[in-house]
Amino acid sequence: MMDASCHCGAVRLSVEAAPAEVTECNCSICRRLAARWAYYSPADVKMPKAGSTQPYVWGDRMLAFHRCKSCGVTTHWQSLDGSKDRMAVNARLFDDIDWDEIRIRHFDGATTWEYVD
């Protein structure tokens, strides 16, 4: 079990296993958040307590980025279009993660919408 939490601990998420790879994206929001996204099916994520996060939706309104209402740390994003069985957890929030064992993919979300590695 992998546990993730915001800085103050008010928002907690859990998944069964560490990700094999994560994505660093350079789009306008991801580069500012400095998140490393680990992708999961929403059914595989133990979600935070209802009402503990504040969503931020912008642009094409396809994703809701969630942050802790108390400390402001971005914890995850969820798809809003309903067509994808995928969400992302900010892997930087996992306890005891071994970064030497995880592939870090680089995604050009600013220009080409392609992986650059």
Evaluate the range 108-115: report whether one residue or more is touching a residue at least 60 places away in the same chain (Cβ under 8 Å), among the small types (Gly, Ala, Ser), exposed (fewer than 13 other Cβ atoms within 10 Å of the Cβ) and over 17 Å from ASP3 (Cα atoms). yes
Kindly provide the set of residues from the range 65-117 that are farther than 17 Å from TYR39 by Cβ and basic (Lys, Arg), ordered by number. ARG67, LYS69
Residue hits (the range 31-55; charged (D, E, K, R) and under 12 Å from the mean Cα position of the chain (by Cα)) are ARG36
Would it be correct to say that ASP60 is closer than 21 Å to GLU114 by Cβ, surrounded by fewer than 14 Cβ atoms within 10 Å (Cβ to Cβ), over 10 Å from the mean Cα position of the chain (by Cα) and not hydrophobic (A, V, I, L, M, F, W, C)? yes
Among ALA91, ALA20, ALA34, which is the only one that is modelled with pLDDT of 95 or more and buried (at least 17 other Cβ atoms within 10 Å of the Cβ)? ALA91
When you scan the range 60-77, how many residues do you find that are polar (S, T, N, Q) and either farther than 23 Å from ALA10 by Cβ or in contact with a Leu (Cβ under 7 Å, 6 or more places away or on another chain) (or both)? 2
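The values are calculated or read from the model by the stated rules, or taken from the named source; none is laboratory data. Because the structure is predicted, anything quoted here is derived from the model rather than measured. We place every Cβ from the backbone using ideal geometry, glycine too, and count neighbours over all the protein chains shown.
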